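Trainee: So that we are looking at the same thing, I have put the structure below in structure tokens.
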Amino acid sequence: MKVGVVFGISEIANPKAFEKKASEFLMSLANDFEIEGGLFVSSKSDTREVDFKEVDIIVLYPLTGGTENALKEFAYYRKPIVLFGDSFNNSIAAAIELREYFRDLLIPAALVKNFDELKAAILGYDDMKELFNKVLNTRLGLIGRISTWLINEKFNLPYVHISLKKFYEYYDATTEAEGWKAVEGIVTKAMDIKEPQREDLVKTGRMYVALKKIIQDYKLDGFAIGCFEMLNKLNATPCLALAMLNAEGIPAACEGELNSLLGMLIVRRFFDKPAFMGNIADYGENHIILAHCTAPLIANYILRSHFESGKGVGVAVSLPKGRASLLKIRGRKAVVA
């Protein structure tokens, strides 16, 4: 198992005063693990002297306080992190600050203060390596912008931003024939088609083709799209295209809702189930009603228009009756019911 190790010292500290402590730490750790790095860092530029892309876990040892800004740069690697702190020079205080920083980024981070705890934490992460990689190695995309009314949207995971201008380039590269071919089977299987006309169906099919190409070119595991701006440009919405992608196992959220996307991704990755991104329409003592213009096509469905605008193609899916789980994520907070 390969472990990356970095020591943090403040810019006003003398590195020579910590060389013996660092050397003994590395020697002890090397008895059980393959070690990479082992350097002192005091600034952001110092962190560029090491490459931890191939390590399994990163151990950060802030030997002094005032090292947080340098050591936080190791979030870049999105690897599980163990913070080692001791009782001198504000080491533990710095480690606690760093632990919270990494956890806010949904990077697993543990604080330890002796070698037994350190070894246990490293081995514990190794046992859960496959589980962590399902999230840490995920590549998410945001097409367009987060909808302006999502005032509580806080999202700290890295994502690829793709402009709507780029999306329109992909869309314009599709043909009407491709669009119809993409949705023809969906249209045939629909229980009914209410408002949408053939032109609407072709447009949403072209959106589907464009989104599939973006997913392929940008190597995305899932994406959220700011869809309302498309109404003026295309006079259409991607509701049906998102429903098709979610049914295929690709988490796809609308309105640029990245936290909803993360919840959908977790459900898909860990439970292999499609998720329905719903707004609360009503509630009571023993019930809750969720509604949205898109849902995975996993049961009988009717093709409708987009609810707010009356344009494009939305879906009304007869989801299976039975027990359901609700998941809400906001930053590090999650509510499951």
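Trainee: With the requirement that a residue be surrounded by 21 or more Cβ atoms within 10 Å (Cβ to Cβ) and either assigned to a helix (DSSP H, G or I) or in contact (Cβ under 8 Å) with a residue 60 or more places away in the chain (or both), what does the stretch 257-290 give you?
Mentor: E257, L258, N259, S260, L261, L262, G263, M264, L265
Trainee: Now, a different point. Scan the stretch 1-53 for residues that are hydrophobic (A, V, I, L, M, F, W, C), touching a Gly at 6+ places or on another chain (Cβ under 9 Å), buried (at least 16 other Cβ atoms within 10 Å of the Cβ) and part of a loop (DSSP other than H, G, I, E, B) and report the count.
Mentor: 4
Trainee: Just wondering, is there one or more residues in the stretch 291-314 that are closer than 29 Å to R198 by Cβ, surrounded by fewer than 20 Cβ atoms within 10 Å (Cβ to Cβ) and of a type in the set (D, E)?
Mentor: Within the stretch 291-314 (the criterion being closer than 29 Å to R198 by Cβ, surrounded by fewer than 20 Cβ atoms within 10 Å (Cβ to Cβ) and of a type in the set (D, E)), the answer is yes, since at least one residue qualifies.
Trainee: When you check L71 against the structure, is it under 27 Å from R139 (Cβ atoms), surrounded by 13 or more Cβ atoms within 10 Å (Cβ to Cβ) and in contact with a strand residue (DSSP E or B) (Cβ under 7 Å, 6 or more places away or on another chain), yes or no?
Mentor: Yes.
Trainee: Going through L142, L150 one at a time, which residue ends up being surrounded by 14 or more Cβ atoms within 10 Å (Cβ to Cβ) and at pLDDT 90 or above? Break it down stepwise before answering.
Mentor: Numbers: L150 fails: at pLDDT 90 or above.
Testing whether each residue is surrounded by 14 or more Cβ atoms within 10 Å (Cβ to Cβ) and at pLDDT 90 or above leaves just L142.
Trainee: Also, quick follow-up: Considering only residues that are part of a loop (DSSP other than H, G, I, E, B) and under 23 Å from D272 (Cβ atoms), which ones fall in the stretch 213-255?
Mentor: Scanning the stretch 213-255 gives K219, L220, D221, E248, G249, I250, P251.
Trainee: Given the conditions (1) out of contact with any Pro (no Cβ under 8 Å at 6 or more places or on another chain); (2) at pLDDT below 95, report the number of the one that W180 does not fulfil.
Mentor: It fails just one condition, (2).
Trainee: Failed condition for D32, given (1) touching a residue at least 60 places away in the same chain (Cβ under 8 Å); (2) in contact with a strand residue (DSSP E or B) (Cβ under 7 Å, 6 or more places away or on another chain), with all others met?
Mentor: (2)
The values are calculated or read from the model by the stated rules, or taken from the named source; none is laboratory data. Bear in mind the structure is a predicted one, so any value in this text is a computation, not a measurement. Neighbour counts run over all protein chains shown; Cβ positions are idealised from the backbone, glycine included.
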